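Have a look at the structure below, then the notes.
The values are calculated or read from the model by the stated rules, or taken from the named source; none is laboratory data. Computed from a predicted model, the values in this text were never measured in an experiment. Here the Cβ positions follow ideal geometry from the backbone for every residue, glycine too, while neighbour counts run over all protein chains shown.
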Amino acid sequence: MTTKNFDGLRVFLVEDESLITMLLVDMLADIGGTVVGVASRLDEAIEKASSLTFDVAILDVNLNGCRTYPVAEAISRRGIPFIFGTGYEPDGLSEDFRSVPIMRKPFQQSDLERALGEALASNV
(Lines give C-alpha, C1' and ligand atoms only; values in the text may rest on other atoms or scores of the structure.)
Protein backbone atom coordinates (compact mmCIF):
# COMPACT_ATOMS: atom_id res chain seq x y z
CA MET A 1 0.00 0.00 0.00
CA THR A 2 1.42 3.37 -0.98
CA THR A 3 1.28 6.43 1.22
CA LYS A 4 1.79 8.90 -1.59
CA ASN A 5 0.59 9.11 -5.15
CA PHE A 6 3.05 10.10 -7.82
CA ASP A 7 0.71 9.57 -10.79
CA GLY A 8 2.30 10.65 -14.03
CA LEU A 9 5.72 11.29 -12.51
CA ARG A 10 8.40 10.85 -15.20
CA VAL A 11 11.66 9.51 -13.79
CA PHE A 12 15.15 9.30 -15.25
CA LEU A 13 17.08 6.47 -13.58
CA VAL A 14 20.88 6.24 -13.47
CA GLU A 15 21.91 2.87 -12.03
CA ASP A 16 24.49 0.23 -12.96
CA GLU A 17 22.97 -2.71 -11.06
CA SER A 18 20.24 -4.37 -13.13
CA LEU A 19 18.45 -5.83 -10.10
CA ILE A 20 18.21 -2.41 -8.46
CA THR A 21 17.00 -0.94 -11.75
CA MET A 22 14.25 -3.56 -11.99
CA LEU A 23 13.28 -3.01 -8.35
CA LEU A 24 13.03 0.75 -8.85
CA VAL A 25 11.00 0.39 -12.06
CA ASP A 26 8.53 -1.82 -10.17
CA MET A 27 8.38 0.47 -7.13
CA LEU A 28 7.85 3.53 -9.29
CA ALA A 29 5.06 1.81 -11.20
CA ASP A 30 3.41 0.90 -7.86
CA ILE A 31 3.26 4.58 -6.87
CA GLY A 32 2.19 5.86 -10.28
CA GLY A 33 5.53 6.85 -11.76
CA THR A 34 7.07 5.91 -15.08
CA VAL A 35 10.73 5.46 -15.92
CA VAL A 36 11.33 7.44 -19.11
CA GLY A 37 15.02 6.67 -19.40
CA VAL A 38 17.70 4.50 -17.88
CA ALA A 39 21.47 4.90 -18.08
CA SER A 40 24.10 2.56 -16.71
CA ARG A 41 27.21 4.34 -18.03
CA LEU A 42 28.41 7.85 -17.21
CA ASP A 43 28.61 9.11 -20.80
CA GLU A 44 25.13 7.81 -21.55
CA ALA A 45 23.79 9.35 -18.32
CA ILE A 46 25.23 12.78 -19.12
CA GLU A 47 23.74 12.72 -22.61
CA LYS A 48 20.30 11.62 -21.41
CA ALA A 49 20.36 14.10 -18.50
CA SER A 50 20.62 16.87 -21.08
CA SER A 51 18.14 15.55 -23.63
CA LEU A 52 15.34 13.57 -21.96
CA THR A 53 12.13 15.09 -20.63
CA PHE A 54 11.61 14.04 -17.01
CA ASP A 55 10.31 15.39 -13.71
CA VAL A 56 12.88 13.91 -11.34
CA ALA A 57 15.98 11.73 -11.50
CA ILE A 58 17.36 8.99 -9.29
CA LEU A 59 21.15 8.79 -9.44
CA ASP A 60 23.39 6.07 -8.11
CA VAL A 61 26.39 8.01 -6.75
CA ASN A 62 28.92 5.40 -7.89
CA LEU A 63 28.33 4.25 -11.46
CA ASN A 64 30.79 1.53 -12.44
CA GLY A 65 33.50 3.22 -10.37
CA CYS A 66 32.71 6.76 -11.56
CA ARG A 67 30.97 9.40 -9.46
CA THR A 68 27.79 10.73 -11.09
CA TYR A 69 28.37 14.35 -10.06
CA PRO A 70 28.62 15.52 -13.71
CA VAL A 71 25.15 14.06 -14.28
CA ALA A 72 23.85 15.81 -11.16
CA GLU A 73 25.33 19.09 -12.40
CA ALA A 74 23.67 18.70 -15.81
CA ILE A 75 20.32 18.00 -14.18
CA SER A 76 20.76 20.91 -11.74
CA ARG A 77 21.42 23.31 -14.63
CA ARG A 78 18.03 22.32 -16.05
CA GLY A 79 16.33 23.03 -12.71
CA ILE A 80 15.12 19.44 -12.35
CA PRO A 81 15.15 17.81 -8.91
CA PHE A 82 16.98 14.58 -8.24
CA ILE A 83 17.83 12.18 -5.47
CA PHE A 84 20.84 10.01 -4.82
CA GLY A 85 20.45 6.29 -4.30
CA THR A 86 23.56 5.29 -2.40
CA GLY A 87 25.17 3.36 0.39
CA TYR A 88 27.26 6.43 1.24
CA GLU A 89 26.59 8.63 4.25
CA PRO A 90 25.66 12.25 3.43
CA ASP A 91 29.10 13.42 4.60
CA GLY A 92 30.65 11.02 2.07
CA LEU A 93 29.10 13.01 -0.78
CA SER A 94 30.61 16.02 -2.48
CA GLU A 95 29.94 19.12 -0.40
CA ASP A 96 28.04 20.60 -3.34
CA PHE A 97 25.41 17.86 -3.11
CA ARG A 98 24.99 17.22 0.62
CA SER A 99 21.55 18.84 0.63
CA VAL A 100 20.22 16.47 -2.06
CA PRO A 101 17.74 13.91 -0.72
CA ILE A 102 19.27 10.47 -0.28
CA MET A 103 17.68 7.07 -0.59
CA ARG A 104 20.02 4.78 1.36
CA LYS A 105 20.68 1.30 -0.03
CA PRO A 106 19.21 -1.12 0.78
CA PHE A 107 15.92 0.76 0.54
CA GLN A 108 12.20 0.15 0.82
CA GLN A 109 9.35 1.70 -1.14
CA SER A 110 8.71 4.07 1.76
CA ASP A 111 12.31 5.34 1.42
CA LEU A 112 11.70 6.00 -2.28
CA GLU A 113 8.47 7.87 -1.56
CA ARG A 114 10.10 9.98 1.16
CA ALA A 115 13.10 10.92 -1.01
CA LEU A 116 10.92 11.73 -4.03
CA GLY A 117 8.62 13.84 -1.85
CA GLU A 118 11.61 15.78 -0.47
CA ALA A 119 13.11 16.35 -3.90
CA LEU A 120 9.88 17.53 -5.46
CA ALA A 121 8.99 19.76 -2.49
CA SER A 122 12.40 21.44 -2.55
CA ASN A 123 11.96 22.31 -6.23
CA VAL A 124 8.60 24.05 -5.85
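Please work out which one of (1) surrounded by 19 or more Cβ atoms within 10 Å (Cβ to Cβ); (2) at pLDDT below 95; (3) among the basic types (K, R) is the condition K48 fails and give its number. The single condition K48 does not satisfy is (2). For the stretch 81-124, a residue qualifies if it is buried (at least 19 other Cβ atoms within 10 Å of the Cβ), out of contact with any helix residue (DSSP H, G or I) (no Cβ under 7 Å at 6 or more places or on another chain) and either of a type outside the set (A, V, I, L, M, F, W, C) or in contact (Cβ under 8 Å) with a residue 60 or more places away in the chain (or both), and the qualifying residues are G85, T86, E113, L116, A119.
Of all residues in the stretch 67-80 being among the charged types (D, E, K, R) and under 14 Å from the mean Cα position of the chain (by Cα), which is surrounded by the most Cβ atoms within 10 Å (Cβ to Cβ)? Outline the logic, then answer.
Narrowing the stretch 67-80 to residues among the charged types (D, E, K, R): 67, 73, 77-78.
In the following step, the residues that additionally are under 14 Å from the mean Cα position of the chain (by Cα) were identified as 67, 73.
Details: R67: 16, E73: 14.
The residue in question is R67.
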